[in-house]
Amino acid sequence: MKILLTGAGGFLGRNFLWTEKQMEGVTVLAYHHDMGEQALASMCQACDAVVHLAGVNRPQTEQEFETGNADFTQKLVDSLMRRETGCPVLYSSSVQVDLDNAYGRSKKRAEEILRAYGVKTGAPVRIFRLPNVFGKWCRPHYNSVVATFCYQAARGLPLRVDDPARELQLVYIDDVVAAFWDALHGRGMEQDGFYLVPVSYPCTVGRLAELVRSFYAQRQSIGVPDLKDPFVSKLYSTYISFLPEDGFRYPLLSHADDRGSFTEFMRTDGQGQFSVNISKPHIRKGGHWHQSKHEKFLVVYGQGVIRLRQVGCTEVVRYPVSGEKLEVVEIPPGYTHEIENTGDGDMVTLMWVNENYDPNHPDTYRMEV
């Protein structure tokens, strides 16, 4: 399948392009605005379908709305009309067509041009009126408050919120691309003659700013948000994509002594805490138990033994562990436990505990195994 993609360098186009490039049997003919009408005409003859994402939304003059949205759509249709058979077209319009502004009027006229083409040729025309789209590769300080907030927060800059109660309707770029693909194959969700992105998220500007600010703060304390919420998960992925390239890495606080080191790696919202434990040769660590906490130990380098004994009992359970055979050892509540490095080099253990450490309620009691 050959797909002519207009607006291939834009936010929507770039995400569509690099998604479809991963699919077998799909060839994307990427059209950029500086390629000229001859290239457009040639691509129109060669394609099996058109995904029309090109458009202008931040011009220097209002006339550029008409030129970039309606007039270019007419040129596209004129090229398609020279074909012997009709060609399906998918178009990304905007919810702003219902507003009385130059951008909305130009998008509405582009819709009408495409509808007329569909009537004349019998070719399917599938139009999406998109609300606010967010995700990676969107330009900050352009036409997306999500992109702007993520860019600013990732750099520790203040966020400007003029109307915190204003409600936005947000759709995520991956959901948009998936909806485009379904619509191309006649599987899309349609309502009142327009195709829909089936998953959307209402959110006020105030809550959006609060969430994005929290992402910055959580990173300073090795935390991550509650990713069980699909909107928060997608927004967090978007935020991470706006980190400055010299800020991808960040230091951790390591507690070290002659026995080795212990370093917290990540604290989650409700899913526990992850740590890295390095033990020097022939060192024992642990010798405590928990009332309710439970843990998972995974030795990834070196060799050792984990010992557990149920409180009030005498029988000791031993588990040899090695980085050459990756196995998780559960540490249940009510068992005193220790880990010993039995090798001649360092032993590295990944540790997970079901709750973040609280110094006011440590739930840790000393007891030798």
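Restricting to the stretch 298-332, and then to whatever is part of a strand (DSSP E or B) and hydroxyl-bearing (Ser, Thr, Tyr), can you tell me which residue is least open to solvent (accessible area, probe 1.4 Å)?
Taking the stretch 298-332 and keeping what is part of a strand (DSSP E or B), we get 298-301, 303-310, 316-322, 325, 328-331.
Pick out the ones that are also hydroxyl-bearing (Ser, Thr, Tyr) and you get 301, 319, 322.
Numbers: 301: 141, 319: 106, 322: 29 Å².
For the stretch 298-332, the residue satisfying everything is 322.
Out of 328, 299, 316, report the one residue that is closer than 24 Å to residue 364 by Cα, of a type in the set (Val, Ile, Thr) and over 39 Å from the mean Cα position of the chain (by Cα). Spell out how you get there, then give the answer.
Numbers: 328 fails: over 39 Å from the mean Cα position of the chain (by Cα); 299 fails: over 39 Å from the mean Cα position of the chain (by Cα).
Within the list 328, 299, 316, the selection yields 316.
For the stretch 341-369, which residues satisfy the criterion of being more than 18 Å from residue 275 (Cβ to Cβ) and part of a strand (DSSP E or B)?
365, 366
Restricting to the stretch 76-102, give me the number of residues that are surrounded by 22 or more Cβ atoms within 10 Å (Cβ to Cβ), touching a Pro at 6+ places or on another chain (Cβ under 9 Å) and assigned to a helix (DSSP H, G or I).
0
Identify the single condition in (1) modelled with pLDDT under 95; (2) not in a loop (DSSP other than H, G, I, E, B) that residue 169 does not satisfy, given that it satisfies every other one.
(1)
If a residue has to be of a type outside the set (Ser, Thr, Tyr), under 12 Å from residue 355 (Cβ atoms) and open to solvent by less than 50 Å² (accessible area, probe 1.4 Å) to count, how many in the stretch 258-297 make the cut?
The total comes to 5.
Would you please name the residue that is farthest from the chain's Cα centre (by Cα), looking only at residues in the stretch 31-62 that are over 23 Å from residue 129 (Cα atoms) and aliphatic (A, V, I, L, M)?
41
Check the stretch 25-45 and report whether any residue there is under 18 Å from residue 109 (Cα atoms), among the small types (Gly, Ala, Ser) and surrounded by 15 or more Cβ atoms within 10 Å (Cβ to Cβ). Write out each step before concluding.
Looking only at the stretch 25-45, we keep the residues that are under 18 Å from residue 109 (Cα atoms), and these are none.
Checked against the condition, which is being under 18 Å from residue 109 (Cα atoms), among the small types (Gly, Ala, Ser) and surrounded by 15 or more Cβ atoms within 10 Å (Cβ to Cβ), the stretch 25-45 yields no hits at all.
Which residue pairs have Cβ atoms closer than 6 Å, lie 6 or more positions apart in sequence or on different chains, and pair a first residue in the stretch 139-166 that is outside any helix (DSSP H, G or I) with a second residue that is polar (S, T, N, Q) and surrounded by 17 or more Cβ atoms within 10 Å (Cβ to Cβ)?
Filtered contacts from the stretch 139-166: 140/148; 141/148; 159/152.
Residue pairs, Cβ under 9 Å, 6 or more apart or interchain, first in the stretch 308-320 and in contact (Cβ under 8 Å) with a residue 24 or more places away in the chain, second assigned to a loop (DSSP other than H, G, I, E, B) and open to solvent by 80 Å² or more (accessible area, probe 1.4 Å). List them.
From the stretch 308-320, the pairs are 309/315; 309/368.
Under the condition of being over 20 Å from the mean Cα position of the chain (by Cα) and aromatic (Phe, Trp, Tyr), which residue from the stretch 145-204 is surrounded by the fewest Cβ atoms within 10 Å (Cβ to Cβ)?
194
Restricting to the stretch 333-351, what's the tally of residues that are open to solvent by 50 Å² or more (accessible area, probe 1.4 Å) and in contact with a strand residue (DSSP E or B) (Cβ under 8 Å, 6 or more places away or on another chain)? So that I can check it myself, show each step before the final result.
Within the stretch 333-351, the first condition is being open to solvent by 50 Å² or more (accessible area, probe 1.4 Å), and the residues that meet it are 333, 335, 342, 344, 346, 350.
Of the ones still in play, those that are also in contact with a strand residue (DSSP E or B) (Cβ under 8 Å, 6 or more places away or on another chain) are 333, 335, 342, 346, 350.
Count: 5.
From 129, 105, grab the single residue that is buried (at least 19 other Cβ atoms within 10 Å of the Cβ) and more than 19 Å from residue 5 (Cβ to Cβ).
On the way: 105 fails: buried (at least 19 other Cβ atoms within 10 Å of the Cβ).
Among 129, 105, only 129 is buried (at least 19 other Cβ atoms within 10 Å of the Cβ) and more than 19 Å from residue 5 (Cβ to Cβ).
Kindly indicate whether any position in the stretch 262-273 is closer than 16 Å to residue 343 by Cα and assigned to a strand (DSSP E or B). First the steps, then the outcome.
The initial filter retains those residues of the stretch 262-273 that are closer than 16 Å to residue 343 by Cα, namely none.
No, the stretch 262-273 contains no residue that is closer than 16 Å to residue 343 by Cα and assigned to a strand (DSSP E or B).
Under 8 Å by Cβ, and 6 or more places apart or on different chains, what pairs join a residue from the stretch 350-369 that is more than 18 Å from residue 265 (Cα to Cα) and in contact (Cβ under 8 Å) with a residue 12 or more places away in the chain with one that is open to solvent by 70 Å² or more (accessible area, probe 1.4 Å) and of a type outside the set (Lys, Arg)?
Between residues of the stretch 350-369 that are more than 18 Å from residue 265 (Cα to Cα) and in contact (Cβ under 8 Å) with a residue 12 or more places away in the chain and residues that are open to solvent by 70 Å² or more (accessible area, probe 1.4 Å) and of a type outside the set (Lys, Arg), the close pairs are 363/291; 363/292; 365/291.
Scan the stretch 241-254 for residues that are in contact (Cβ under 8 Å) with a residue 60 or more places away in the chain and open to solvent by 40 Å² or more (accessible area, probe 1.4 Å) and jot them down. Give the steps one after another, and end with the answer.
Taking the stretch 241-254 and keeping what is in contact (Cβ under 8 Å) with a residue 60 or more places away in the chain, we get 241-244, 247.
Scanning the stretch 241-254 gives a single hit, 241.
The values are calculated or read from the model by the stated rules, or taken from the named source; none is laboratory data. Since this is a predicted model, take the numbers as computed values, not measurements. Every residue, glycine as well, gets a Cβ built from its backbone with ideal geometry; the counts of neighbours run over all protein chains shown. When the accessible area is computed, the model is the full protein with side chains, heavy atoms only, and any ligands, DNA or RNA have been set aside. Shrake-Rupley method; radii C 1.70, N 1.55, O 1.52, S 1.80 Å.
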